[in-house]
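The values are calculated or read from the model by the stated rules, or taken from the named source; none is laboratory data. Since the structure is predicted, the reported quantities are computational estimates derived from the model, not experimental observations. Note that each Cβ is placed from the backbone with ideal geometry, even for glycine, and that neighbours are counted across all protein chains shown.
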Amino acid sequence: MGSFAYFPHTEEDIRVMLERIGVKSLDDLYSDVPEEFIFKGEYELPVARSEEEVRAWFKALADKNTELKVFAGAGAYDHYTPSVIPYITSRSEFLTAYTPYQCEISQGTLRYIFEWQTMICSLTGLDVANASMYDGPTAAAEAMRMCVACTRKRNTVVASSGLLPNVLATLRTYARYSGINLVETWEVQEAVAEGTLDLAGVIVPSINKYGIIESHLGLADLVHEMGGLLVEYCDPSALAVVKSPAEWGADIAVGDGQSLGIPLCYGGPYVGFMACREQWMRKLPGRIVGQTADAEGHRAFVLTLQAREQHIRREKATSNICSNESLMALWCTVYLSLMGPEGMRKVNELCYAGSHYLHDQLLATGKFSDPFEGREFLKEFALQPLCDVKKLQQALLDAGFFGALETEEGFVTFCVTERRTRDEIDSLVKVVKEAAL
Amino acid sequence: MSKIIEGLLYSESHEWVKVEDGIAVIGVSDYAQAEMGDITYVDLPSEGDEVQAGEEFGALESVKASSELYSPVSGTVVEVNSELEAAPEKVNEDAYAAWIIKVRMSDEAELDALMDAAAYSAIAK
C-alpha cells in the first residue's frame, strides 16, 4: 500500500482474483447473460496505428472544419479569449484536480470559487452565488425548482416565451419530471396579474431571444404580491452595462457564463451561474464557499451552509446537484479579473457599435424590415427577411460567414461581438446586397 | 443527563408541547438540542400554515446535522418565534424557553398520544 503506480492488472493479478472468488475465467463472470445475447463474431476494429498516423488521421478530420466569421448568437457568443486564460487554467493544480472531498485542504480551489461567487454577486447585484452549475439552461431549471422549494405548497412557474429555445426546452424537461406546472407565455405580466395561478415563480430574460433588452418595470412587485419569486435569465457579459437582476427586484439570477471569454468550442463545456437574495440562500442548490478565519486568525475558505445539500438531506434538498463546473468557472473568473469593469464596458460598447452599424446597413439593403423598431438591443438583433432565408444563409456560408439564424417565428437574427471588424461587417453586407435572393 | 420538565407533553421525535387555552406551544426538548449540537438555523413555517400531527413543519440545522421538526398536533400555526431567525442559539441555551411555533389545535384528542415527563425520560437518555 502507499504506492500509486498506474499499472493495469497483470495476468497473475487476474489469476489470483479469479481463484479467490472461485471463478475459472473472466468469461465465467458473464455466465448470467443468456446465450443468445452474447456476441460471437469478430470485432470490426481497425488495426492499431502509430501516434504519427493517428495525428494525421485527426488532422484530416479537423481540416474538414470551415472557419467561419461568426455573426450568430442565440445564447453562445464569439467574444475574445485573452491568451493568458488557457495558460492559467491549464496549470495542473487546476486542470487535473477532481472535486476535493477533503474540501478545506484545497484552499486554492476554494479561493477561486469564492472569487467567482463574489464576481457573480457584483454582476447580478444579488447577495449570494453558488460555486456554479452545469450550464445556463440547467441553472434556469434549478431556479424553477428553487421557486417551488421557497414557496412550499405552490407549484406553477411562468416562463417567458422570450427565453432562448434551449432554456425553455430544459425547463420543460425538468418541469415534467418534477411535477411542476410550467406556463409559457409572451404576456408574463398579464398571466401573473390574473391571480388565478398557484404562483411559485416567474422566469424572464434580461435580454430576450431576439436580442432585445427587456423592461421588467413593476414585474417584481407584481410577482411578490402574488406570492412568487422572480428569476432573471441573464447574459453575464451584458450585465456590465444593462440593469442588473437586483435592480429589477429579482430574487434569483441565472445564466450561462460562456460569454465571459469561453470559446464557442462547438457547444461546450460552458458553465452556469446562479445567485439569489440572502432571504433564499438556504434553498440555493449546489456548493457555496464561504470565508472564515483559521485557528491562527488567517483568512481561510470553507464549504458553507451544507445542510442545503443533497448529501445531507437527499429528499429535502432543492436539487440533487452536488458538483459544479469548476474549471470553466475558473476560466470566467480569470477573464473577469483581466477585463475589470472598464474592460467589460469596452467590450459592450464595441458590440453595441458594431451591431447597430450592421443593423442599419442590412436594413439599407432593402432585403429586410425591422419588426422591433425602436426597441433597444446590445449585440444581437432580429430582422424580418423580405427574401428567401435558405438562399440568404447559403450565400453567407459560401462567403465564409455564419449568421442569419432563423427563429421559429421566421425572423433572422444577427450578432456582432467585439471580434468583428468594420471590414468583416462591410463584406457581409456586400454579400447580402449582391446575392440574388 | 438532559433536562425534562414536568407538566409538558413530549413526542417520540423529541418535541415538547405546552397547552394553553387550546393553543399548543411547541419546541424541542433539551435532549434534542444536546444531540444536535450548536444550532445555526431554525427553518420556520409561516403564520397561517396548516400543520398535521406527525408531519414536518420546519427544520433545525446545527453545525453537525440537519433535522426535521414534526408537529405533535394538527391545526393552524398562529405564531412563530421569529426571534430564532436571528438567534437560533437560544434553542441551545434553554430549549424549553425557546418555543418554536404556536398551533391552534383542531383535535385536542391528539394530545393523548403524547408522553408525559416520566414516559419521555425513558427514551430521552
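Brief remarks follow.
- Restricting attention to region A:51-81, the residues that are farther than 19 Å from A:Asp235 by Cβ and part of a loop (DSSP other than H, G, I, E, B) total 6.
- Selection count, region A:257-271, where residues are surrounded by 24 or more Cβ atoms within 10 Å (Cβ to Cβ) and not in a loop (DSSP other than H, G, I, E, B): 3
- Scanning region B:20-43 for residues that are within 14 Å of another protein chain (Cβ to nearest Cβ) and crowded, with 23+ Cβ neighbours inside 10 Å yields B:Ile39, B:Val42.
- Taken over region B:44-58, the criterion of being within 13 Å of chain A (Cβ to nearest Cβ) and in contact with a helix residue (DSSP H, G or I) (Cβ under 8 Å, 6 or more places away or on another chain) is satisfied by B:Leu44 alone.
- Among the residues of region B:89-125, the one identified as under 11 Å from the mean Cα position of the chain (by Cα) and assigned to a helix (DSSP H, G or I) is B:Val91.
- Residue check, A:Leu336 under 20 Å from A:Ala240 (Cβ atoms), among the aliphatic types (A, V, I, L, M) and either surrounded by 14 or more Cβ atoms within 10 Å (Cβ to Cβ) or in contact (Cβ under 8 Å) with a residue 24 or more places away in the chain (or both): yes
- Members of region A:199-219 that are over 12 Å from A:Glu232 (Cα atoms) and surrounded by 23 or more Cβ atoms within 10 Å (Cβ to Cβ): A:Leu199, A:Ala200, A:Lys209, A:Gly211
- Just one of the listed residues (A:Lys209, A:Lys153) is basic (Lys, Arg) and more than 23 Å from the chain's Cα centre (by Cα), and it is A:Lys153.
- Of all residues in region B:20-53, those satisfying the criterion of being assigned to a loop (DSSP other than H, G, I, E, B), touching a residue at least 24 places away in the same chain (Cβ under 8 Å) and closer than 16 Å to B:Ser71 by Cβ are B:Gly22, B:Ser29, B:Leu44, B:Pro45, B:Ser46, B:Glu47, B:Gly48, B:Asp49, B:Ala53.
- Conditions (1) surrounded by 20 or more Cβ atoms within 10 Å (Cβ to Cβ); (2) touching a residue at least 12 places away in the same chain (Cβ under 8 Å); (3) within 22 Å of A:Thr304 (Cβ to Cβ): number failed by B:Ser66: (2)
- Residue match in region A:324-333 (condition: surrounded by 15 or more Cβ atoms within 10 Å (Cβ to Cβ), of a type in the set (S, T, N, Q), more than 14 Å from chain B (Cβ to nearest Cβ) and in contact with a Pro (Cβ under 7 Å, 6 or more places away or on another chain)): no
- Residues in region B:99-125 that are at pLDDT 95 or above and under 14 Å from B:Gln33 (Cβ atoms): B:Trp99, B:Ile100.
- Looking at B:Val77, B:Val17, B:Val73, just one residue is assigned to a strand (DSSP E or B), away from chain A (no Cβ under 14 Å) and crowded, with 16+ Cβ neighbours inside 10 Å, and that residue is B:Val17.
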